[in-house]
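Quick notes on the structure that follows.
The values are calculated or read from the model by the stated rules, or taken from the named source; none is laboratory data. This structure is a prediction, so every number in the text was calculated from the model and none was measured. When we count neighbours, we look across all protein chains shown, and the Cβ atoms used for this are built from the backbone with ideal geometry, even at glycine.
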Amino acid sequence: MNLTRREFAAASATLALTACAGGPSRRAEADGKLPSLGRALAPYFPFGAAITPGQVAFGSADFIKAQFSVVVAENAMKPEALAARGEGQYSFTQADELVNFARASGLKVRGHTLVWHQQTPAWFFVENGAPVTRATLITRMERYITDVVGHFKGRVYAWDVVNEAYSFGEARTRTDSEGMRLSPFREIIGEDYIEIAFRAAARADPDALLFYNDYETQNPRKIAAISEMVTRFKAAGVKIDGIGHQAHCSMLHPSVNSFERAVEQYAMLGITQHVTELDIALNDDISANRVSEASPALLARQAQRYADFFKVFIKQRRHITAVLVWGIDDAGSWLRHWPNERFEAPLLFDEKRQPKPAFWALMKLAETG
C-alpha cells in the first residue's frame, strides 16, 4: 500500500472514530469534565500508568487520581533510586511519597523492579575493586529484596521481581545457550539467581503478587523459555504468580493476534498476567525516527491499534488482571529519548495533556464492552 492510500485510509478512520465517539464521552468533554478511563475500564480490570514523584508533587495528582486506578513508579523504586549509596543504605523518601499518595487516593501500587541488569548500582557487583563472589552477591541481592519488599509490605500489591532476564535475536546482547541474558547476576550467581530472587520476595511479603516482567513476550522462543521457568518453579514450590507483558508496541509490531496467542499460552500455566508498560509508537518501527508530527491520520491509526489491543485485553480479562500504560502523557514518554532524542507520541494524552483519538476510542470500547 502506498503512502497516499494509507493516509487516505487513516483519515477515513479519523472520521469514523469521531463519529462513533459522539456519545456520552464527547458530551462530557463539552461540559468541561473529562470522563475517567480508569472508572470506565473498572468492570474489566484495573487501569493505570507509570508515574513519577515529581508529577505527584507538582500539579498532576488530581489528573492521576481521576484517570487511573493503579500506578507504578517509572524509576523511583528501581535499585539505583533506592540504594545508590551502598548496601543497607536506602533513600525511600520519594518512593514513600508516591506510594502514600496512591494509597490515600484509593489507587493500587505495583512495584517495579527488584532485580534488573540496568539501573542497579555498581556496588552490588564489586568488592575491593574485584567482582564479588557468588555467595556475596546472593547475600546482597537477598538483603536488598528483603529490605525493600519488607519496607513496602502491605502497601505494594504486586512486584516485578525479575525484569528482562531472557533475550533472543538481539545482536548486541550476550546470552547463555538457553537464551538467558549474561547480566552480572547471571554471570556471578548462575541461572538460579531468578529462583533465589523469587524465594526472597515471597519470604519478605507472602501476600504480594510476584511477577516475571519482560518485553517481546509474544516471541515464541521467549514463550518457551518463560513457560519452562514457570513450570519448573511451580514444581519446586517457588511462588511465582504472574507474567508482566511490557507491550512496548509500534504501529506494526507485534501483531494483535500473536499477542493474544501468547496470552492464551501463558494462561495454560495457571498464572495471572498484567500488561505492565503499554505504549504504541507512531513509527512503524519502535526504534525508528521517521515521524515528525502527530498527524490526524497517524493518530487515527494509533487509536484503532489501541482499540484492537484493548479488545483482546477485555476478551482475555480472566487472564489479564491489570493494564498499565508507561507514562501519563506524550511529553514525558521515554520514547522521546530512546533510542535517541526524537519526536514520538505513544500515549493517550498529548503534550498538553489533552485526550487523543486513542483515549476516545478506548472510552467507547469500555462503554460498549
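Restricting attention to the range 90-125, the residues being surrounded by fewer than 20 Cβ atoms within 10 Å (Cβ to Cβ) and β-branched (V, I, T) number 1.
Listed here are the residues, each with its yes/no results for (1) aliphatic (A, V, I, L, M); (2) surrounded by fewer than 22 Cβ atoms within 10 Å (Cβ to Cβ); (3) assigned to a helix (DSSP H, G or I); (4) in contact with a helix residue (DSSP H, G or I) (Cβ under 7 Å, 6 or more places away or on another chain).
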site	(1), (2), (3), (4)
V149	yes, no, yes, yes
V162	yes, no, no, yes
I188	yes, yes, yes, yes
L210	yes, no, no, yes
R221	no, yes, yes, no
E228	no, yes, yes, no
R232	no, yes, yes, no
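Taking R143, is it in a helix (DSSP H, G or I), of a type in the set (K, R) and at pLDDT 95 or above?
It is true that R143 is in a helix (DSSP H, G or I), of a type in the set (K, R) and at pLDDT 95 or above.
Here's the yes/no breakdown for (1) among the aliphatic types (A, V, I, L, M); (2) touching a strand residue (DSSP E or B) at 6+ places or on another chain (Cβ under 8 Å):
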{"residue": "A197", "(1), (2)": "yes, yes"}
{"residue": "A202", "(1), (2)": "yes, yes"}
{"residue": "D214", "(1), (2)": "no, yes"}
{"residue": "S227", "(1), (2)": "no, no"}
{"residue": "A236", "(1), (2)": "yes, no"}
{"residue": "I243", "(1), (2)": "yes, yes"}
{"residue": "A247", "(1), (2)": "yes, yes"}
{"residue": "S250", "(1), (2)": "no, yes"}
{"residue": "S258", "(1), (2)": "no, no"}
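Residues that are of a type in the set (D, E, K, R), in a loop (DSSP other than H, G, I, E, B), out of contact with any helix residue (DSSP H, G or I) (no Cβ under 9 Å at 6 or more places or on another chain) and surrounded by fewer than 22 Cβ atoms within 10 Å (Cβ to Cβ) occur at least once in the range 287-305. Every condition in (1) of a type outside the set (K, R); (2) buried (at least 18 other Cβ atoms within 10 Å of the Cβ); (3) outside any helix (DSSP H, G or I) holds for F310 except the one numbered (3). Based on what the data block shows, is R199 more than 23 Å from the chain's Cα centre (by Cα) and in a helix (DSSP H, G or I)? No; evaluated as a whole, the condition is false for this residue. Taking the stated definitions as given, is L335 on the phi < 0 side of the Ramachandran plot, out of contact with any strand residue (DSSP E or B) (no Cβ under 9 Å at 6 or more places or on another chain) and either in contact (Cβ under 8 Å) with a residue 60 or more places away in the chain or assigned to a helix (DSSP H, G or I) (or both)? So L335 does not fit the description; no.
Picking from residues in the range 244-271 that are under 18 Å from Y212 (Cβ atoms) and of a type in the set (A, V, I, L, M, F, W, C), the one that is surrounded by the fewest Cβ atoms within 10 Å (Cβ to Cβ) is M268.
Being among the hydrophobic types (A, V, I, L, M, F, W, C) and surrounded by fewer than 19 Cβ atoms within 10 Å (Cβ to Cβ) narrows it down to one residue among A197, A204, A171; which is it?
Of A197, A204, A171, the one residue that is among the hydrophobic types (A, V, I, L, M, F, W, C) and surrounded by fewer than 19 Cβ atoms within 10 Å (Cβ to Cβ) is A171.
If the condition is being touching a residue at least 40 places away in the same chain (Cβ under 8 Å), touching a Gly at 6+ places or on another chain (Cβ under 9 Å) and not β-branched (V, I, T), then the range 229-257 contributes no residue at all. Among the residues of the range 109-133, those identified as over 22 Å from V71 (Cβ atoms) and not in a loop (DSSP other than H, G, I, E, B) are A122, W123, F124, V126, E127, A130, P131.
Within the range 63-89, the set of residues being surrounded by fewer than 17 Cβ atoms within 10 Å (Cβ to Cβ) and farther than 21 Å from L362 by Cα comprises N75, E80, A84, R85, G86, E87, G88, Q89.
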